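> One structure coming up, written as structure tokens, with questions to follow.
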Amino acid sequence: MVDRGRILGKLDELERYVRELRAIAPGSFEEFLRPEKKRACERLLQISVEATIDVCHLLVMGLRLGYSSEEADLFNALARKDVISEGLAATLKDMKGFRNILVHEYAEVDDALVYKAVRDRLGDFEAFKREVLAALDRGK
């Protein structure tokens, strides 16, 4: 059984992170490069992605789609079950990879990619929320 309350709580958490990101989003790449701005954007992106992964875990467990140690399998399982679209599953895989770079390869983070994500990709989180809410409404 899907734990709707926990999923909705995680989606609210995600929405707060994205709202914070929008509020602090730099107006230029030069502004982004200020250490406090850059670190805040990186951290908020990281925890936003982690919130999406948490929701995916909750959905996979609740729908009894199996267990996998690979997060990419979560996204594929949800797409196969029509909880999320194939396109969103691909986007989530990219987000996970981006998060892994932020967390594990800090010295090699491409500042331009982080800036572009803050500027152009926050809508991906909103699309994720819309698809999950639609799936919950369909009784998935």
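> Counting Lys and Arg as +1 and Asp and Glu as -1, each charge on the Cβ, what is the dipole of the stretch 67-129 about the Cα centre in debye, to the nearest 20?
Magnitude of the dipole: close to 220 debye.
> Any idea what the alpha-carbon Rg over 2.2 N^0.38 Å comes to for the stretch 9-75? Numbers along the way, then the final one.
Values: Rg = 15.2 Å, N = 67, 2.2 N^0.38 = 10.9 Å.
The value comes to 1.40.
> Let me ask something else about it. So what is the 222 nm mean residue ellipticity for the chain from helices alone, if each DSSP H run of at least 4 adds -39500 (n - 2.57) and you divide by all residues, rounding to the nearest 500 deg cm²/dmol?
Result for the chain: -25000 deg cm²/dmol, rounded to the nearest 500.
> Sorted by average packing, counted as other Cβ atoms within 10 angstrom per residue and highest first, what order do 99-105, 44-50 take? Spell out each step's value before the answer.
Working: 99-105: 14.0, 44-50: 21.3.
Per-residue mean Cβ counts within 10 Å order the peptides as 44-50, 99-105.
> Right, here's the next one. At a threshold of 8 angstrom on Cα-Cα distance, excluding pairs fewer than six apart, so keeping six or more, what relative contact order does the stretch 1-115 reach in percent? Please report the intermediate quantities before stating the final value.
On the way: 93 pairs, mean separation 33.1, N = 115.
Computed over the stretch 1-115, the figure is 29 percent.
> Students sometimes get this wrong: rank Glu20, Glu36, Glu42, Glu71 by accessible area, probe 1.4 Å, all chains present, largest first. Mind dumping the intermediate values first?
Numbers: Glu20 90, Glu36 110, Glu42 10, Glu71 45 Å².
Output order, biggest surface exposure first: Glu36, Glu20, Glu71, Glu42.
> Another one. For the stretch 57-140, what is the convex hull volume of the alpha-carbon atoms per residue, in Å³?
Values: hull volume 7.2 nm³, N = 84.
In the stretch 57-140, the Cα hull volume divided by residue count equals 86 Å³.
> Among the lysines, select those whose C-alpha is under 20 Å from the C-alpha of Lys129, and discard any that sit fewer than 8 residues away in the same chain.
Output for Lys129: Lys10, Lys81, Lys93, Lys96, Lys140.
> If you wrap a convex hull around the Cα atoms of the chain, how much volume per residue is inside, in Å³?
Output value, Cα hull per residue: 94 Å³.
> Quick one: what are the phi-derived ³J(HN,Hα) couplings along the stretch 24-33, Karplus 6.51/-1.76/1.60 with θ = phi - 60°, whole Hz, x for glycine and proline?
Values, residue by residue: 9, 3, x, x, 8, 5, 4, 5, 4, 5 Hz.
> Still on this structure: Quick one: angle between helix 86-104 and the longest Cα principal axis of the chain, in degrees between 0 and 90, rounded to 10, please.
The helix 86-104 is inclined about 50 degrees to the chain.
The values are calculated or read from the model by the stated rules, or taken from the named source; none is laboratory data. Being a predicted model, the structure only gives us computed values, none of them experimental. All Cβ positions, even for glycine, are placed from backbone atoms using ideal geometry, and neighbour counts span all protein chains on display. Accessible surface areas use protein heavy atoms only, side chains included; no ligands, DNA or RNA. Shrake-Rupley method; radii C 1.70, N 1.55, O 1.52, S 1.80 Å.
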